[in-house]
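What follows is a single structure, written as structure tokens, with notes after it.
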Amino acid sequence: VLKALAQKARECRGQFSAQNISTAFYGLKGIDTISLDEAGRKALTDVLDVLADKARQSQGRFTAAEISMAFEGLKGIDLSPLDGPSRDVVMATLAVLYDKLANHTDGLTADDIGKAMATLQTLDTGGLSARGRETVASILDALAHAAVQCSMPFKAGSVAIALYGLNGIETAHLDERGKRALIKVLKAFAEKTKACHDSLQAQQLGMSFY
């Protein structure tokens with residue numbers, strides 16, 4: 001089914017709206033790359049490739065809710081079972097979405113940013129190409145900017161989910177730009193955490209440290 005849908009999407013000459021794209025990404029939320037066989041992973045990669053291409057071509061402005069939906073759909077995409085070219089496709093897809101996020105900070109809530117960061121939890125920076133690591137640096141820059149610009153207070157749950165998303169990023173595998181970007185993110189969330197009026201529960205503290 002994924003392979004057939006990818007082909008139909010490529011053949012579609014009409015421009016995809018932001019809502020079309022976010023809904024399509026959201027529909028992938030039940031997919032777990034670890035449970036897929038090789039053919040399934042290839043089909044998923046084809047779908048991500050075409051959706052990323054449609055997102056690049058889209059002239060529509062993504063709303064905060066649409067950005068959030070797109071990231072929610074990608075949470076099950078674990079890089080560990082994917083080969084090098086497939087990982088590059090996933091990273092390129094993430095780069096497109098984070099670019100949309102970076103260009104739309106108005107209206108983004110703390111929950112939206114938390115969900116965007118949670119998508120990073122399955123990244124394995126040790127298995128990325130140099131290009132993939134550059135993408136991670138760009139993603140972290142976008143997240144730091146979004147967090148700083150967000151005027152809404154972060155609740156305990158948003159802080160915990162956001163920081164938990166960083167557990168797949170190992171500083172040893174980042175280049176200098178990536179390390180600087182990670183420090184920006186951590187500084188931004190240190191400020192958001194200090195300003196949080198909620199008490200973090202034991203589970204939330206565990207997620208934050210993890």
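The values are calculated or read from the model by the stated rules, or taken from the named source; none is laboratory data. Keep in mind the model is a prediction, meaning the values are calculated, not measured. For neighbour counting, all protein chains shown are included, and Cβ atoms are generated from backbone atoms with ideal geometry for every residue, glycine included. The area values use the complete protein model at the heavy-atom level, side chains included, leaving out ligands, DNA and RNA. Shrake-Rupley method; radii C 1.70, N 1.55, O 1.52, S 1.80 Å.
Table for the structure above
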| item | result |
| --- | --- |
| GNM result for the chain, Cα springs below 10 Å: residue of Ile67, Ile183, Ile21 fluctuating most strongly | Ile183 |
| Out-of-range pairs (alpha-carbon distance over 28 Å; input Lys54/Lys115; Lys54/Lys194; Lys42/Lys179; Lys29/Lys187) | Lys54/Lys194; Lys42/Lys179; Lys29/Lys187 |
| Most mobile listed residue (Ala118, Ala95, Ala24) in the chain, GNM with C-alpha springs under 10 Å | Ala24 |
| Gyration tensor over alpha-carbon atoms, segment 75-208, equivalent ellipsoid semi-axes in Å | 24, 16, 13 |
| Gain upon complete extension [Ser35, Ala172; 0.36 nm per residue less C-alpha separation] | 46.5 nm |
| Whole-number accessible area per residue in Å² for the chain, which is evaluated in the context of all protein chains at 1.4 Å | 50 |
| For the chain, size of Cβ-based charge dipole, Lys and Arg +1, Asp and Glu -1, in debye | 340 |
| The chain: relative contact order as a whole-number percent, Cα under 8 Å and 6+ apart | 20 |
| Those trypsin sites (Lys or Arg not before Pro) in segment 1-82 that DSSP places in a loop and that have at most 10 other beta carbons within 10 Å | Arg13 |
| Whole-percent carbon and sulfur share, accessible surface of the chain, 1.4 Å | 53 |
| Calculated [θ] (222 nm, deg cm²/dmol) that DSSP helices of n ≥ 4 give over the chain, each run adding -39,500 (n - 2.57) | -20500 deg cm²/dmol |
